[in-house]
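Here's the structure we're looking at; comments come further down.
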Amino acid sequence: MSNEMARIIKKAHLLLDGLESIEKGLQEIGVIRSRRIVGDLGEWLSTQIFSLVLEKGQTNKGFDCIHPSTKERYQIKTARKANTNLSPIRIKKKSITNREFDWLVIIRLNDSFRIRELYKVSCETIESRFSLHTNGLYIMSWKKMADDGYQFNPRDSLQQNPVIMSFFAD
């Protein structure tokens, strides 16, 4: 093995050990529940922003959180994508027609795991405003959601909570 390859392998092991430590740390403080860091982080952020309670099991049919007073069900979708990646969100028709959730929260994280965009859309709105593709999925473009006013503005509704605001990208 060359010296260069040995150096790369050693650095890879150090970085992977660091990743393991980060995962364990986030699990210990309750931010993530599994190895799905992006999805779990989105669910945790949603509980903080909208005062939701995570469902106990990690495999609930159609929703992730419940609002404790209204009992509304929230489905959380989180993606960590580059600014140039504008691939749309896809939601199964069955989830909408069966009313498996009341609200869909869609979070786009930047490379530093900060919220770049956040949308909150009702099940009824998805059904009435977004196109149903032939493969049985509702296709929701980021641009259409923003243009239609579904983008969530934390500065308007969170009374400038500094803890929550710290998770939003500038």
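Name the residue, out of A12, A146, A79, whose mean-square fluctuation peaks in a Gaussian network model built on the chain with Cα pairs under 10 Å.
Most flexible of the set in this elastic network: A12.
Positive end of the charge dipole of the stretch 1-75 (Lys, Arg +1 and Asp, Glu -1 on Cβ, about the Cα centre): tell me which of L52, A12, G25 has its Cα farthest that way.
A12
Which peptide among 31-42, 97-108, 126-137 comes first, and what is the full order, when sorted by highest mean count of other Cβ atoms within 10 Å?
Ranking the peptides 31-42, 97-108, 126-137 by packing returns 97-108, 31-42, 126-137.
Let me see the P(r) profile for the stretch 55-128: every Cα-Cα distance counted, bins of 10 Å, each bin given as a percent of all pairs.
Reading upward from the zero bin: 18, 47, 31, 5.
Can you tell me the dipole magnitude for the chain around its Cα centre, using point charges on the Cβ only (Lys, Arg +1; Asp, Glu -1), in Debye to the nearest 20? It would help to have the intermediate numbers written out before the result.
Working: 27 positive and 20 negative charges, 92 e Å.
Once rounded to the nearest 20, the dipole reads 440 debye.
If you wrap a convex hull around the alpha carbons of the stretch 19-95, what volume per residue comes out, as a whole number of Å³?
Once divided by residue count, the hull of the stretch 19-95 is 120 Å³.
With a 1.4 Å probe and all protein chains kept in place, how do W142, W44 rank by accessible area, largest first?
Numbers: W142 10, W44 50 Å².
Most to least solvent-accessible, the answer reads W44, W142.
State the volume of the convex hull built on the alpha-carbon positions of the stretch 89-133, expressed per residue in Å³ and rounded to an integer. Working shown, then result.
Details: hull volume 3.7 nm³, N = 45.
Hull volume normalised by residue count: 82 Å³.
Can you divide the C-alpha Rg of the chain by 2.2 N^0.38 Å and report the result to two decimal places? Walk me through the numbers before you get to the answer.
On the way: Rg = 18.3 Å, N = 170, 2.2 N^0.38 = 15.5 Å.
Expressed relative to 2.2 N^0.38 Å, the Cα Rg reads 1.18.
The values are calculated or read from the model by the stated rules, or taken from the named source; none is laboratory data. For clarity, every value in this text was computed on a predicted model and none was experimentally measured. Using ideal geometry, Cβ is built from the backbone for each residue, glycine included, and neighbour counts are taken over all protein chains shown. Remember, those area values only see protein heavy atoms, side chains included, never the ligands or the DNA or RNA. Shrake-Rupley method; radii C 1.70, N 1.55, O 1.52, S 1.80 Å.
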